[in-house]
1. List 81, 58, 37 from most exposed to least, where exposure is judged by having the fewest other Cβ atoms within 10 Å.
2. Mind checking the full-extension length gain between residue 228 and residue 32? Use 0.36 nm per residue of separation minus the Cα-Cα distance, one decimal, nm.
3. If I model a spin label as a point 7 Å beyond the Cα along the Cα-Cβ vector, how far apart are those points for residue 206 and residue 75 in nm?
4. What per residue convex hull volume, in Å³, do the alpha-carbon atoms of region 1-106 yield?
5. Take the Cα coordinates of region 188-260, assign each an equal point scatterer, and use the Debye formula without solvent to give log10 I(q)/I(0) at q = 0.28 Å⁻¹.
6. Over region 60-210, what is the relative contact order in whole percent, taking alpha-carbon pairs under 8 Å and six or more residues apart?
7. Relative to the longest principal axis of the C-alpha atoms of the chain, give the angle of the C-alpha long axis of helix 174-184, reported between 0 and 90° and rounded to the nearest 10°.
8. Take 41, 98, 192 and order them by how many other Cβ atoms sit within 10 Å, fewest up front.
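All of the numbers you see were taken from the coordinates with simple rules; none came from a lab. Computed from a prediction, not measured in an experiment: that's the story for all the values here. No Cβ is skipped: glycine too gets one built from the backbone with ideal geometry, and neighbour counts run over all protein chains shown.
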Ligand SMILES: [Zn+2]
């Protein structure tokens, strides 16, 4: 799904690519919608047919070959570009050896995360954050990972997706949380600056971003649809949050089924 945030209203608009078209999903909320998986999965990188999807939409060879599918993407503090062992050094130059942001967000509660500049606010929407604030700017993915694990000693670095979908997270004063957290990691920041340069980590003073999702009714109990078990997903669309479609019959993580060919009827 492609999502965009209206910075005036804080509303998220979702588009679902189906074939050559993009379905304006917000218009379907409150209506009956059927998604049917045709059985075809085409690798999002090489386009070849694959029986199973690896790393959210790749064939097995691409999953093994691409730097974007390496473990260090999930664990940025293990970025090994500087050691000369990146699977695709040029991709690493363009995607990892560039400025990153460490942010605080409110997803299923307070969490820390990292992202590239170009992925703000997409990354936050993907995670279903209702509030977010950039906290630090650093020079590389590795540095962002080191700051993140320092903060993760005090707050979560993962989202409880079920809690996120229930929409029960109370509003947080993220600016206040930042003021409390930063002094707690001052020694770790000193270590990072000593290693990577005094200007490697920059503390930011930015405004809080609020994000409103098109949801008319949050589920109280969560059942998941899965195209691998049942090719048809059908129900009344109650809302969209993060990468999830919320139907009256259950939820589906659309990101998980990237590269699955689907047909839509309504
Ligand atoms: Zn492939």
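1. Ranking 81, 58, 37 by Cβ neighbours within 10 Å, fewest first, gives 37, 81, 58.
2. Separation in residues times 0.36 nm, less the Cα-Cα distance, equals 68.4 nm.
3. 2.7
4. Value for region 1-106: 176 Å³ per residue.
5. -1.28
6. Worked out over region 60-210, it gives 26 percent.
7. 40
8. Listed from fewest to most nearby Cβ atoms, that is 98, 192, 41.
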